[in-house]
Amino acid sequence: MPDAQRPGRDLRNFVLPDIGKLLETGDPWEPCQLLDSFGVPVEPAALYFKDLMAADCSPLTPRSYGMDLLRWWRYLWALGIAWDRATREDARDFMLWMKLADKPVRVHWRHRGKDPSEIPPPRAGRPAPGTPNSVTGKPTVGTKYAPTVRAHCETVLRSFYDFHLDRHTGSLLVNPFPLVRSRRSARANAHHNPENGYKKERTGLYRPKVPQQIPRRIPDEKYAEVFAGLRSHRDRALLAFWVATGARAEELLTSQQGRAIVGQQTIGVIRKGTRKYQELPATPDAFVWLRLYQEEAWKKGVPRGRAQPLWWTLRRPWRPLEYDAARMMFNRANELLGANWTLHDLRHTATFLMLDDPDMPPVYVQEILGHKYLSTLDIYSRPTRDDVITAGLAHHARQEQKRNSPTPALPEPAYNPDSLNILFGRPAT
């Protein structure tokens with residue numbers, strides 16, 4: 001029976017087993033390894049990761065792709081399916097499971113291996129998963145897999161099987177994650193008219209629809225409150241640089257001490273995509289907080305040198321500040337306001353501030369942000385949630401004022417005396 005006619009498995013109550021893991025080796029030749037339940041590397045994934053690194057991908061790419069492959073491999077292990085014997089029916093059931101199933105609850109590393117009765121319950125007062133935050137309006141992390149996660153997983157698995165189909169690996173005959181039927185015989189926009197824009201075409205057959213998210217900015221008064229909740233000069237300097245430069249969180253965290261040029265009021269970063277060095281302008285306040293942080297850190301014994309990292313931990317042993325530690329720092333300041341902004345919202349805030357300046361050409365904003373195309377800034381031209389709500393409330397206020405205002409008295413109808421004299425032939429007075 002063809003795959004399209006099979007009823008498929010009922011996986012509504014299926015729980016993904018916690019077997020295997022993705023190991024970060026720190027080796028530039030092989031940054032990540034997908035290990036099975038016995039700790040043995042999965043050879044097809046290792047070949048795919050090596051091909052990614054040879055294509056000059058970032059070391060973070062195998063880690064991102066490896067998380068999707070680990071989820072797929074756990075699914076195959078649980079059902080006893082060989083990776084090269086997976087059919088389109090298996091891929092269909094897997095994507096349907098991701099759509100309907102709850103994400104596995106991740107146990108904190110401090111409580112791993114403990115009895116469930118010994119694990120403290122979650123703190124009271126936290127909003128339910130998926131509910132909008134009362135301060136930012138952004139929904140909290142839900143219990144289901146987000147459409148972006150499912151779309152990323154489908155793309156990774158489709159490219160993984162395409163790679164092995166080209167190499168004729170194993171007994172693989174077809175890609176279980178195919179393209180849509182209209183795309184299997186031609187490339188996207190094959191007969192595109194140059195006078196028209198490019199239309200969006202679905203690529204994967206099981207790829208979900210991903211809603212376009214509108215970037216959010218942190219209002220000035222809320223930013224001041226978040227800034228006041230920071231505990232150290234280092235955190236204040238980081239926040240000031242993120243909002244001033246619009247750099248990505250990881251780009252600023254990997255900067256070196258010699259790249260902060262006070263005389264030119266710039267800080268150098270390595271761009272995420274192109275990995276080229278670029279100097280970004282910053283505010284004088286950011287360099288003031290940076291100097292206060294450096295003087296305090298150097299007195300405590302933090303390594304000093306032009307090639308040394310710019311950002312360090314606040315306690316011994318001294319280690320370069322990593323993204324997870326910076327994210328937790330920002331989350332602590334968020335909790336004081338009950339907000340759920342992210343570090344990437346600081347980049348959006350910087351973009352809005354630059355675009356709000358009429359004397360700042362958008363092409364310069366594009367260069368500062370490191371975007372390849374100017375059209376990427378189009379998403380910032382759409383009204384934000386706060387702007388829409390403010391405009392809507394102002395409209396309702398005007399309507400209410402119009403309804404409550406007294407109606408002006410209309411003048412009583414009267415005849416013009418001159419018109420009556422002309423009508424009846426009387427002389428004008």
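A few notes on this one:
- Some residue of the range 215-232 being out of contact with any Gly (no Cβ under 8 Å at 6 or more places or on another chain), in a strand (DSSP E or B) and over 30 Å from Ile389 (Cβ atoms): no
Results for (1) of a type in the set (A, V, I, L, M, F, W, C); (2) exposed (fewer than 11 other Cβ atoms within 10 Å of the Cβ); (3) under 24 Å from Gln264 (Cβ atoms), shown as yes or no for each residue.
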{"position": "Tyr293", "(1), (2), (3)": "no, no, yes"}
{"position": "Lys300", "(1), (2), (3)": "no, no, no"}
{"position": "Arg304", "(1), (2), (3)": "no, yes, yes"}
{"position": "Arg316", "(1), (2), (3)": "no, yes, no"}
{"position": "Asp324", "(1), (2), (3)": "no, yes, no"}
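- Contact map, the range 338-355: residues that are basic (Lys, Arg) paired with residues that are modelled with pLDDT of 95 or more, Cβ distance under 6 Å, separation 6+ or inter-chain. Pairs shown: Arg347/Gly246.
- Checked against the criterion of being among the aliphatic types (A, V, I, L, M), open to solvent by 80 Å² or more (accessible area, probe 1.4 Å) and farther than 17 Å from Ala237 by Cβ, the range 332-339 contains one or more residues that satisfy it.
- On the stretch given as the range 372-407, residues that are among the small types (Gly, Ala, Ser), surrounded by 10 or more Cβ atoms within 10 Å (Cβ to Cβ) and over 33 Å from the mean Cα position of the chain (by Cα) total 1.
Let's see how each residue does on (1) β-branched (Val, Ile, Thr); (2) more than 30 Å from Ile214 (Cβ to Cβ); (3) touching a strand residue (DSSP E or B) at 6+ places or on another chain (Cβ under 7 Å):
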{"site": "Gln294", "(1), (2), (3)": "no, yes, no"}
{"site": "Gln308", "(1), (2), (3)": "no, yes, yes"}
{"site": "Trp312", "(1), (2), (3)": "no, yes, yes"}
{"site": "Arg315", "(1), (2), (3)": "no, yes, no"}
{"site": "Trp318", "(1), (2), (3)": "no, yes, yes"}
{"site": "Leu336", "(1), (2), (3)": "no, no, no"}
{"site": "His348", "(1), (2), (3)": "no, no, no"}
{"site": "Met354", "(1), (2), (3)": "no, no, no"}
{"site": "Val365", "(1), (2), (3)": "yes, no, no"}
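To keep it simple, each residue is scored yes or no on (1) at pLDDT 95 or above; (2) farther than 30 Å from Lys222 by Cα.
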| position | (1), (2) |
| --- | --- |
| Leu70 | yes, yes |
| Trp109 | no, yes |
| Pro127 | no, no |
| Thr136 | no, no |
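- Checking each residue in the range 91-141 for being without any contact (Cβ under 8 Å) to a residue 24 or more places away in the chain, within 30 Å of Asp10 (Cα to Cα) and assigned to a loop (DSSP other than H, G, I, E, B) picks out Val105, Arg106, Val107, Ala128, Pro129, Gly130, Thr131, Val141.
- The set of residues in the range 9-41 that are among the basic types (Lys, Arg) and exposed (fewer than 10 other Cβ atoms within 10 Å of the Cβ) contains only Arg12.
- Residues of the range 222-263 that turn out to be among the polar types (S, T, N, Q) and under 14 Å from Ala333 (Cα atoms), as a count: 1
- Residue match in the range 256-273 (condition: among the hydroxyl-bearing types (Ser, Thr, Tyr), more than 17 Å from Ala350 (Cα to Cα) and not in a helix (DSSP H, G or I)): no
For every residue, the table says whether it meets (1) farther than 12 Å from Glu30 by Cα; (2) open to solvent by less than 70 Å² (accessible area, probe 1.4 Å).
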position	(1), (2)
Glu43	yes, no
Pro59	no, no
Leu69	yes, yes
Thr87	yes, yes
Asp102	yes, no
Val105	yes, no
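- Filter result for Glu24 (of a type in the set (D, E, K, R) and assigned to a strand (DSSP E or B)): yes
The values are calculated or read from the model by the stated rules, or taken from the named source; none is laboratory data. The model shown is predicted, which means the values in this text are computed figures rather than measured ones. Glycine gets a Cβ as well: all are built from the backbone with ideal geometry, and neighbour counts include every protein chain shown. With ligands, DNA and RNA removed, areas are computed over all heavy atoms of the protein, side chains included. Shrake-Rupley method; radii C 1.70, N 1.55, O 1.52, S 1.80 Å.
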